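A short worksheet on the structure shown next.
The values are calculated or read from the model by the stated rules, or taken from the named source; none is laboratory data. What you see is a predicted model, and the numbers here were worked out from it, not measured in a lab. We place every Cβ from the backbone using ideal geometry, glycine too, and count neighbours over all the protein chains shown.
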Amino acid sequence: MKTEIVQLLEEIADILELKGENIFKINAFKNGALTLKRLNDEEFEDLVTSKRLNEVKGIGKGLQSVIYEFIDLEESKTLTELKSEFPESLFELFKIRGLGPKKISLLFKDHQIKSISELEQFIELGNLKEIKGFGAAIESKIIDEIKNIKVNQNFIHLHAAEKIASELKLIFDNFESIKSFEISGEFRRSREIISKLDFVFFVDDIDKLQNELSENIKFNLINENRTIQILDKQIPIICHLEFSHSEFIKRLFVTTGADEIIDKFRLDIIPKTEAEIFEKSNFPYLAPELREKDYLEFVQNHKSENNLIELEDLKGLLHFHSTFSDGNNSIKEMVVAGKNLGFEYFVICDHSKTAIYANGLSEERILLQKKELSDLISETKLHIFHGIESDILTDGSLDYSEDFFSNFNFVVASVHSNFSLSEEEMTQRIVKAIENPNTDILGHPTGRILLRRAPYKVNIHKIIDACSKNNVAIEINANPYRLDLDWKNIFYAREKGCLFSINADAHSISDISLTKFGVRIARKGGISKEEVINCFSLNEFKKFLNRKIRRDV
């Protein structure tokens, strides 16, 4: 709930700025969003439930009214009224990074541009770069952004697809006409972004199914293809109908894909299980995640994977943030939540001092955190290690002195700035950080934000080679907007003998659950638990920490 309300206040602030409202009103919503963002989830829920938001400095009566209205009605009349003053298509422009409310207002009021298509026409005529505050460089970036938006608008993230699938599953579970069903397609293969959802139904009465659907959901029934299309969703949702168990199994196999896999198998059989299709085709069984052309090319010189990592194999909760930097929960709240989820040891990795935008930690605050950790360990008897997510500076150095790194048990090195370096410059920068003896993990190695920001230019094979040579683990960042390292590069990293770390990069208690998406990507790369450092036992993990530098663990 907190995330939705923060987004609501930020959106209202943007539209107020678009309108040209006074700066005090705009800042009230901006600062209110920032204030709520800094509250931990439990504190926020308590304040809302007990109607005590008035106790929060900066959340005045006006903001309280907007927030409580949204909670009670699950919509905001304030936002609806503000948006009604503008053409609906105008809000497409907010999707373009680099176009803030002021620039959009200028384009709308002075040049009558109210959609992405109209902006494209304006650019084609050569007009945009002539406007003060834009220029050729900004125009070029906007053109690239529009291209990305057009490509990405047909996809959603894996976790968004999971939400839709879960909602539909709750409905289908209650259908008497469905004997069994499975989610298939890209989702079953754990693709990072999803263009459509496939379900496979084993049904015995299509008329009864049609009646049950009519009572619950909008759909189109396409009899000749034995498919149903669910309507009014973000992406196409296709339900494939079969009337015998064997045909259900074959349809599940075929719709799971990928096409390059299906072509290699015999389907002129009556299978009882998917495994039987593999067996009859003289092919070792492949988990759904591995059914990709890329895996087939990799597996030619390797054995098929039969011991893929499971979520339950993870023992360590690594690379998470707290209220010391930009997290929503205290260290204690994070580790207690992790313990309740089954984790056995923990590494707090707040942002380092260069990350001013994320309230990065100065040396003085690091020492305060160190004292708090010592007290927390004494209180809880939990195994908590002191780590840091250290920014990789443009020259490849990390942002504390060599001597000061002795305060840490663990170092994640990550790029958070200057993404526009050349491939050679970025590669040299990251390799230098990997070669730093303090570095334990390379965080989110390519910096991509799925459906928003492309990976920075980097020679990923040289980066992987450096990690292998310097015994640095590669992060599989489990945040569903990142899922970085890309699974296609995992195969090469495994060939080079690299270790991995699956981290939610959690900034709140709820974020810890995102770990499952990292596990799905690890499985897609064929990874077993032996290759993942946070599957190590506590003693094995301590040995990893001491592999290059003697640390007090």
>> If the requirement is being over 22 Å from the mean Cα position of the chain (by Cα) and closer than 20 Å to residue 294 by Cβ, which of these qualifies: 540, 495?
In response: 495
> In the range 308-327, how many residues are farther than 11 Å from residue 349 by Cα and either part of a helix (DSSP H, G or I) or polar (S, T, N, Q) (or both)?
Replying inline: 4
> Which residues, taken from the range 267-300, are closer than 19 Å to residue 242 by Cα, charged (D, E, K, R) and in a loop (DSSP other than H, G, I, E, B)?
Replying inline: 268, 272
> Mind checking whether some residue in the range 408-415 is among the polar types (S, T, N, Q), closer than 29 Å to residue 147 by Cα, in contact with a strand residue (DSSP E or B) (Cβ under 8 Å, 6 or more places away or on another chain) and outside any helix (DSSP H, G or I)?
Replying inline: yes
> Got a sec? Which of 340, 282 is without any contact (Cβ under 8 Å) to a residue 12 or more places away in the chain and at positive phi?
Replying inline: 282
>> Take the conditions part of a helix (DSSP H, G or I), without any contact (Cβ under 8 Å) to a residue 24 or more places away in the chain, more than 18 Å from residue 14 (Cα to Cα) and touching a Gly at 6+ places or on another chain (Cβ under 9 Å) and apply them to residue 109. Does it pass?
In response: no
> Can you pull out the helices (runs of 4 or more DSSP H) entirely within the range 473-553 that have at least 2 residues that are assigned by TED's automatic domain parsing to the domain that holds residue 416, touching a Gly at 6+ places or on another chain (Cβ under 9 Å) and within 19 Å of residue 460 (Cα to Cα)?
Replying inline: 487-495
>> On the basis of being exposed (fewer than 11 other Cβ atoms within 10 Å of the Cβ), in the same structural domain as residue 30 (by TED's automatic domain parsing) and not in a helix (DSSP H, G or I), does residue 81 make the cut?
In response: no
> Say we look at the range 215-224 and pick out the residues that are of a type outside the set (D, E, K, R) and surrounded by fewer than 11 Cβ atoms within 10 Å (Cβ to Cβ); which of these is nearest to the chain's Cα centre (by Cα)?
Replying inline: 220
> Of all residues in the range 290-314, which are at pLDDT 85 or above and either crowded, with 20+ Cβ neighbours inside 10 Å or in contact with a helix residue (DSSP H, G or I) (Cβ under 6 Å, 6 or more places away or on another chain) (or both)?
Replying inline: 290, 291, 292, 293, 294, 295, 308, 309, 311, 313, 314
> Taking the range 390-439 as the region of interest, how many residues are touching a helix residue (DSSP H, G or I) at 6+ places or on another chain (Cβ under 7 Å), closer than 28 Å to residue 515 by Cα and either of a type in the set (Asp, Glu) or loosely packed, with under 14 Cβ neighbours inside 10 Å (or both)?
Replying inline: 1
>> Anything in the range 354-389 that is crowded, with 17+ Cβ neighbours inside 10 Å and among the aromatic types (Phe, Trp, Tyr)? List them, or say none.
In response: 385
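Please give the helices (runs of 4 or more DSSP H) falling wholly within the range 1-74 in which 2 or more residues are touching a Ser or Thr at 6+ places or on another chain (Cβ under 8 Å).
By residue number, 2-19, 61-73.
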> Can you tell me which residues in the range 435-468 are touching a strand residue (DSSP E or B) at 6+ places or on another chain (Cβ under 6 Å) and in a helix (DSSP H, G or I)?
Replying inline: 467
> Quick check, is residue 63 under 23 Å from residue 322 (Cα atoms), buried (at least 19 other Cβ atoms within 10 Å of the Cβ) and either without any contact (Cβ under 8 Å) to a residue 60 or more places away in the chain or not assigned by TED's automatic domain parsing to the domain that holds residue 100 (or both)?
Replying inline: no
> Do we have residue 262 as in the same structural domain as residue 192 (by TED's automatic domain parsing), of a type in the set (Val, Ile, Thr), closer than 29 Å to residue 219 by Cβ and at pLDDT 95 or above here?
Replying inline: no
>> Give me the residue from the range 225-250 that is within 30 Å of the chain's Cα centre (by Cα) and in contact (Cβ under 8 Å) with a residue 60 or more places away in the chain and, out of that set, surrounded by the fewest Cβ atoms within 10 Å (Cβ to Cβ).
In response: 234
>> I'm trying to understand the selection: among the residues of the range 328-354, which are part of a loop (DSSP other than H, G, I, E, B), polar (S, T, N, Q) and over 21 Å from the mean Cα position of the chain (by Cα)?
In response: 330, 354
> Within the bounds of the range 533-541, is there any residue that is without any contact (Cβ under 8 Å) to a residue 60 or more places away in the chain and touching a Ser or Thr at 6+ places or on another chain (Cβ under 7 Å)?
Replying inline: no
> Only one of these conditions is not met by residue 495: (1) buried (at least 19 other Cβ atoms within 10 Å of the Cβ); (2) over 30 Å from residue 403 (Cα atoms). Which number is it?
Replying inline: (1)
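Could you go through the range 355-377 and let me know if any residue there is among the hydrophobic types (A, V, I, L, M, F, W, C), over 30 Å from residue 454 (Cα atoms) and in a loop (DSSP other than H, G, I, E, B).
no
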